[in-house]
Amino acid sequence: MNQEAWPIFEPRNLIGVSDFVGKTLDLGKRVEIQPMDTQCHGISLGLYRQEWDECPHYLVHTYSGHEQASGRMEYIRQAMITMLGLHASEHQPEWLRFHCGHSHEKAVRRGFLDLCKLETGAPLQPKPCTAFDKKADCELSIRYQGDGSYVIDAVAETDSSLKRVQALVRGFVKVCEMEAIESPVSAVRFPCGGEHASLLGMLMFRAQNVRAAMAEEANAAGRGSLVPPSQQ
Amino acid sequence: MNLAKTVPAMNSRQRVLAALAREPVDRTPVCNPTSVATVELMDLVDAYFPDANRNPEKMARLAATGHTELEFDSVMPVFSIIQESSAIGCKIQWEAKDNWPTVKMAEPIWKDASDIRIPDNWLSHPDITCVLDAIRLLRKEFGDEVAVIGKTMGPWSLGYHCFGVQEFLLMTIDDPGKTMECLEKMKEVTIEFGRAQIDAGADALTLPDHATGDLVSGEYYDRFLKEMHTEFVDQIPIPLILHICGRTVDRMGFIAETGMAAFHYDSKNRPDESMDAVKDRISLVGNINNPETLYSKGPEVVREEVYRNLEAGVQLVGPECAIPLQTPIECLKEIPLAVREWHLQHLDSGSAVSNS
């Protein structure tokens, strides 16, 4: 806060103002928010992004002073490391980055919101890159091919499973901003050329149900906006 | 933008009141006639919705962040649009921290003008005294240094709440005389709540009356509301800031003739065309887009919109309406930053802004 340019009044502190004047921080761009964490007393959790040395870094932050807030932040931070494949920054370990140096922002945002649904203390381990698909009636799995490319396989080769493989390709393109590869048609690639198995495992369910994921995002974006009575 | 000779440095309250009176200011004030509460600010001060709409201390604490954190020149504690509707008997859905309380308009309390009964003791209802007490607290906390803005809903908006939107609008077509009778009865709520907020210490009042651009024409505004809004200026002796959402250039000329101090205008109206429409008869405030710019586009686009308003000579800059509760703080802080930097860039040609 630039107090010279913006003289701030002398708080009388009738409503506790002195306790919070100028407490908001410059944390960069807030890219996502869980406005009401049902696992931790309804606090909000923000995901912030800053660039250092042309490398995007992420920070989980809350302004809540609740006694469990800092523990919750640390749990979500650890979950992002374990389940999304992020790493602590060397210089500021509370900030996280990918080894590849790319942001993968859309995937990180989706993953962050899903991780906020975990109860604090729930065991953390990377999700497997294999999942049963109801419509395919078999397991679908993802294999790393190098250079950021992954091939999606169905255990059973049926018409419906082939369709579902294609649907999963499209899902990853939308959810993780990956590129669909022309040959083989069942492959996707991260433009960074890096390996991100944890991220794909975490978001495989979302990619399988991409319409529901998009609808959930649209619904969340509309919540909290005041509309005039004429539009209610 | 006309730049005048230097005027002495002003505090936030002086700046807002001068701009509302279209008098010279040391710089353009940043003003929020409607809510700038966010979920993160609620966390910061431990004052969450819905409690912050019902508990005066929490309401005041959350409103104070508009100045202490966002560095706006005003604070505005009446976040929602339902306080008086609750007091006169509407059913309210109070929602949770992350959403707005709303009137259950599907369960209207009146069907006809003859049904209108304003409870005798409605100004003593907790949802009214909460606002009055919060204004008193803010007045004491900020003294004469920051503008405290209250809010009293206009009769058109109360009509939506009490009769239901569809029913009220149909009445305006089927029986304009009865509509006027309803508005005349409901306007007492607007006046009494406004006066009570003046007594509590408000410097100015926002008066939302949702004759919005998408549902009501400019001609309707002239026919049903212009005269009543003119009457409010006499009956509620304090600067009034009329708020109507949507595209409203077609009625800005009428609004400018009411004598209200300012019009809180929507981003669907360009600043330059709006200034042309009001022709220096009323101040303009607002216009920074909420659902896209403040919510998701980032500080650079916020700055562009602030600059467009300043270049057009808009008297007070701020969000167009109550901001989404998930709005990033950095976008809100960008508004005063952009105003300050715009004025620094224009120091060569004078440091004060003439609004006359």
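Sub-6 Å Cβ pairs linking a first residue in region A:210-231 that is away from chain B (no Cβ under 12 Å) to a second residue that is modelled with pLDDT of 80 or more, at least 6 apart or interchain, are A:VAL210/A:GLY171; A:VAL210/A:LYS174; A:ALA213/A:ARG206, ordered by first then second residue. Within region B:57-107, being without any contact (Cβ under 8 Å) to a residue 60 or more places away in the chain, part of a strand (DSSP E or B) and more than 8 Å from chain A (Cβ to nearest Cβ) holds for B:ILE92, B:GLN93.
Suppose the filter is closer than 22 Å to A:MET83 by Cβ, aromatic (Phe, Trp, Tyr) and either modelled with pLDDT under 95 or surrounded by fewer than 21 Cβ atoms within 10 Å (Cβ to Cβ) (or both); does A:PHE205 pass it? Give the derivation first.
Working: closer than 22 Å to A:MET83 by Cβ: yes; aromatic (Phe, Trp, Tyr): yes; either modelled with pLDDT under 95 or surrounded by fewer than 21 Cβ atoms within 10 Å (Cβ to Cβ) (or both): yes.
Spelling it out, A:PHE205 is indeed closer than 22 Å to A:MET83 by Cβ, aromatic (Phe, Trp, Tyr) and either modelled with pLDDT under 95 or surrounded by fewer than 21 Cβ atoms within 10 Å (Cβ to Cβ) (or both).
Against the definition (surrounded by 16 or more Cβ atoms within 10 Å (Cβ to Cβ) and among the polar types (S, T, N, Q)), how does A:SER225 come out, yes or no? Taking the combined requirement at face value, the residue satisfies it. What residue, among those in region A:28-37 that are outside any strand (DSSP E or B) and free of Cβ contacts under 8 Å to residues at least 60 places away in the same chain, is surrounded by the most Cβ atoms within 10 Å (Cβ to Cβ)? The selected residue is A:MET36. When A:GLY46 is tested against the conditions (1) outside any loop (DSSP other than H, G, I, E, B); (2) touching a helix residue (DSSP H, G or I) at 6+ places or on another chain (Cβ under 9 Å); (3) touching a residue at least 40 places away in the same chain (Cβ under 8 Å), the lone failure is (3). Is it true that A:HIS102 is more than 12 Å from chain B (Cβ to nearest Cβ) and assigned to a loop (DSSP other than H, G, I, E, B)? Yes; evaluated as a whole, the condition is true for this residue.
Within region A:105-123, residues that are in contact (Cβ under 8 Å) with a residue 60 or more places away in the chain and surrounded by 16 or more Cβ atoms within 10 Å (Cβ to Cβ) reach partners that are of a type in the set (A, V, I, L, M) and outside any helix (DSSP H, G or I) with beta carbons closer than 7 Å, at six or more positions or on different chains, in the pairs A:GLU105/A:VAL31; A:ARG109/A:VAL31; A:ARG109/A:LEU47; A:PHE112/A:LEU47; A:CYS116/A:LEU45. Across region B:43-56, the number of residues qualifying as free of Cβ contacts under 8 Å to residues at least 24 places away in the same chain, more than 7 Å from chain A (Cβ to nearest Cβ) and not hydrophobic (A, V, I, L, M, F, W, C) comes to 1.
The set of residues in region A:162-194 that are in contact with a Lys or Arg (Cβ under 6 Å, 6 or more places away or on another chain), surrounded by fewer than 17 Cβ atoms within 10 Å (Cβ to Cβ) and modelled with pLDDT of 95 or more comprises A:GLU177, A:GLU179. Which of (1) touching a helix residue (DSSP H, G or I) at 6+ places or on another chain (Cβ under 9 Å); (2) within 13 Å of another protein chain (Cβ to nearest Cβ); (3) of a type in the set (S, T, N, Q) is the odd one out, the single condition B:THR129 does not satisfy? The one condition B:THR129 does not meet is (2).
Scanning region B:255-271 turns up no residue that is over 18 Å from the mean Cα position of the chain (by Cα), under 17 Å from B:GLY159 (Cα atoms) and surrounded by fewer than 18 Cβ atoms within 10 Å (Cβ to Cβ).
Among the listed residues B:ILE241, B:ILE236, identify the single one that is out of contact with any His (no Cβ under 8 Å at 6 or more places or on another chain), buried (at least 18 other Cβ atoms within 10 Å of the Cβ), more than 22 Å from B:THR179 (Cα to Cα) and not acidic (Asp, Glu).
B:ILE236
Here's the yes/no breakdown for (1) in a helix (DSSP H, G or I); (2) over 15 Å from the mean Cα position of the chain (by Cα); (3) over 15 Å from A:VAL108 (Cα atoms); (4) of a type outside the set (D, E, K, R):
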| position | (1), (2), (3), (4) |
| --- | --- |
| A:LYS163 | yes, yes, yes, no |
| A:ARG170 | yes, yes, yes, no |
| A:PRO184 | no, yes, yes, yes |
| A:CYS192 | no, yes, no, yes |
| A:LEU199 | yes, no, no, yes |
| A:LEU203 | yes, no, no, yes |
| A:ALA212 | yes, yes, yes, yes |
| A:GLU216 | yes, no, yes, no |
| A:SER225 | no, yes, yes, yes |
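Scanning region B:217-243 for residues that are without any contact (Cβ under 8 Å) to a residue 12 or more places away in the chain and in contact with a helix residue (DSSP H, G or I) (Cβ under 9 Å, 6 or more places away or on another chain) yields one hit, B:GLU219.
Looking at B:GLU231, B:GLU192, B:GLU184, just one residue is in contact with a Leu (Cβ under 9 Å, 6 or more places away or on another chain), surrounded by fewer than 20 Cβ atoms within 10 Å (Cβ to Cβ) and under 20 Å from B:LEU158 (Cα atoms), and that residue is B:GLU192. Just give me the residues in region B:134-169 being under 19 Å from the mean Cα position of the chain (by Cα) and in a helix (DSSP H, G or I), in sequence order. If the condition is that a residue be under 19 Å from the mean Cα position of the chain (by Cα) and in a helix (DSSP H, G or I), then B:ALA134, B:ILE135, B:ARG136, B:LEU138, B:ARG139, B:PRO155, B:TRP156, B:SER157, B:LEU158, B:GLY159, B:TYR160, B:HIS161 are the ones that fit.
The values are calculated or read from the model by the stated rules, or taken from the named source; none is laboratory data. None of these values were measured; they are calculated from a predicted model. No Cβ is skipped: glycine too gets one built from the backbone with ideal geometry, and neighbour counts run over all protein chains shown.
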